[in-house]
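Peer 1: I have a structure I would like to understand better, so I am pasting it below and will then ask my questions one at a time.
Just so it is clear, none of the values below were taken in a lab; they were calculated from the coordinates. Just so you know, these numbers come straight off a predicted model, no measurement behind them. Please note: Cβ atoms are built from the backbone with ideal geometry, for glycine as well, and neighbour counts cover all protein chains shown.
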Amino acid sequence: MLTKKADDIKSSEITEEKLYFSRRNFIRAGALAASTLATGFAYRQLFIPEQKIVLNEQEIPNIQPSSIKLPLANNDKPNDFTDITSYNNFYEFSTSKSGVVRASKNFVARPWTLTVEGLVNKPKTFDLDELFKISPLEERTYRMRCVEAWSMVIPWVGFPLAKILEKVEPLSTASYVAFETLYDPERMPNQYKSPASLFSVLDWPYVEGLRIDEAMHPLTIMAVGLYGKILLPANGAPIRLVVPWKYGFKNIKSIVKIKLVDHQPRTTWSSEAPSEYGFYANVNPEVSHPRWSQAEERRIGDFTYRPTLLFNGYAEQVGNLYSKMDLRTFF
Ligand code: MTE
């Protein structure tokens, strides 16, 4: 979300504000040449697929309806499959939203293991078969609000993260959950680092974190598919986090490790630009990003803006998690 002129956006559409970069981030900014996370505005009309990329779409059997009631409004029509699978943020492959699908199309997410460790009674490494059977797979249609002020509605297939955590029996000292994406530059080409580490796009691997009560919340899921199909590489195959009341960057993709810890873990974007991206990253129309307002968003496919809702419209479900917190301080 650091910026320089993006290759895929017109210069007139890039925010003009001067940015402060730490020395390290200034160097890294050069490598983020195609990033639009930094601009705060992403325009679908700039996204022109070069040609149809043929991807291996596999149906998931026995998907159950959501086990919990989901607050969706009449105007929350799910985005179409093509939008969701070809307009992506996944910097391990490309900093261009329309470039991720092509750059990731040969990524093979099998075999795969997910290790869950740290402050738990029963650390365990799960393979994909075990993960797919951990709990009935449910369809969870959620709004997703990117910190850049665009949004989508996505019919995920997944199961509550709590189901994994229950299996490993967290200790009472486990107060946070840390997540880590695969680090494998052979398979994720943008993870390449020069020997001096000057030109890495981000400090890999991508890491994220939640407080334990956020992680155990029934809305928090691990997604393995969308639109009834196995997750494609561009969307974080084979397994990714989805926390619908937080900005999209919390939804870490292609996870290989979960660690229960007793301290707030480091998270990728809050360490890249701490004044811009917080640990909590709860969607909040009243707390602006330093370079743009978060009061409105543009749903991909729409031409007009709509108001952004507190906690992305999930306030009734999750507001109590933050009742004693100043949301401006803990943004
Ligand atoms: N996870 C990893 N590992 N790498 C990333 O670059 N981008 C994040 C998040 N998860 C990202 C990631 C951001 S900024 C967003 S908005 C969402 O993924 C986008 O998810 P989508 O491409 O499936 O819509």
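Peer 1: Just to verify a number: FRET efficiency for Asp203 and Phe81, C-beta to C-beta distance, R0 = 35 Å, to 0.05?
Peer 2: Once the sixth-power term is evaluated, E becomes 0.60.
Peer 1: Multiplying the sequence separation of Asp326 and Asp302 by 0.36 nm and subtracting their Cα-Cα distance, what value in nm do you get?
Peer 2: 5.4 nm
Peer 1: Shifting gears a bit: In nm, to one decimal, how far is the modelled label at Glu186 from the one at Asn74, with both set 7 Å along Cα→Cβ?
Peer 2: 5.5
Peer 1: Separate question: Could you list Ile164, Ile60 in order of exposure, starting from the residue whose Cβ has the fewest other Cβ atoms within 10 Å?
Peer 2: With the sparsest Cβ surroundings first, the list reads Ile60, Ile164.
Peer 1: Sorting Val283, Val120, Val318 on the 10 Å Cβ count, fewest up front, what's the list?
Peer 2: Val120, Val318, Val283
Peer 1: In units of 2.2 N^0.38 Å, what is the alpha-carbon radius of gyration of the range 49-161?
Peer 2: The value comes to 1.25.
Peer 1: Around Glu208, what is the net charge, scoring Lys/Arg as +1 and Asp/Glu as -1 over all other residues with Cβ under 14 Å from its Cβ?
Peer 2: My count for the surroundings of Glu208 gives +3.
Peer 1: Hey, with R₀ at 35 Å, roughly what FRET efficiency would Val54 and Lys193 work out to, going by the Cβ-Cβ distance, to 0.05?
Peer 2: 0.65
Peer 1: Which far-off residues, 5 or more places away or on another chain, put their amide H under 5 Å from the one on Ser200, with H placed in the peptide plane?
Peer 2: Those qualifying (amide H under 5 Å, at least 5 residues apart or on another chain) are Ser194.
Peer 1: Can you pull a Stokes-Einstein diffusion coefficient for the range 128-202 at 4 °C (1.567 mPa s), Rh from Kirkwood over Cα pairs, as a whole number of µm²/s?
Peer 2: For these conditions, the coefficient is 79 µm²/s.
Peer 1: Need one word for the range 70-134: rounded, prolate or oblate. Basis is the Cα gyration tensor (sqrt eigenvalues a ≥ b ≥ c); a/c below 1.5 gives rounded, then a/b vs b/c decides. Spell out each step's value before the answer.
Peer 2: Working: a/c = 2.43, a/b = 1.41, b/c = 1.72.
The shape class here is oblate.
Peer 1: With an 8 Å cut-off on Cα pairs and a minimum separation of 6 or more residues, tell me the relative contact order of the range 114-261 in percent.
Peer 2: Here the relative contact order equals 33 percent.
Peer 1: Expressed in nm to one decimal, what extension gain is obtained for the pair Ser275 and Thr125 from 0.36 nm per residue of sequence separation less their Cα-Cα distance? Don't skip to the answer; put the middle values down first.
Peer 2: Numbers: separation 150, 0.36 × 150 = 54.00 nm, distance 3.56 nm.
Between Ser275 and Thr125, full extension yields 50.4 nm more.
Peer 1: By its C-alpha gyration tensor, with a ≥ b ≥ c as the square roots of the eigenvalues, how is the range 149-289 shaped: rounded for a/c under 1.5, else prolate for a/b larger than b/c, else oblate?
Peer 2: Working: a/c = 1.26, a/b = 1.18, b/c = 1.06.
Rounded shape, in that the Cα axes give a/c under 1.5.
Peer 1: Kindly flag which residue pairs out of Lys163/Lys324; Lys167/Lys253; Lys69/Lys124; Lys69/Lys324; Lys69/Lys163 have an alpha-carbon separation exceeding 23 Å in this structure.
Peer 2: From the list (Lys163/Lys324; Lys167/Lys253; Lys69/Lys124; Lys69/Lys324; Lys69/Lys163), the Cα-Cα distance tops 23 Å for Lys163/Lys324; Lys69/Lys124; Lys69/Lys324.
Peer 1: Would you mind getting me the FRET efficiency between Asn62 and Glu316? Use the beta-carbon distance for r and R0 = 35 Å, nearest 0.05.
Peer 2: Working: r = 30 Å, r/R0 = 0.85.
For R0 = 35 Å, the calculated efficiency reads 0.70.
Peer 1: Can you give the local net charge around Gly313? Use residues other than it whose beta-carbon is closer than 15 angstrom to its beta-carbon, Lys and Arg +1, Asp and Glu -1.
Peer 2: +3
Peer 1: Using a 10 Å cut-off around each Cβ, can you sort Trp269, Trp112 from fewest to most neighbouring Cβ atoms?
Peer 2: Trp112, Trp269
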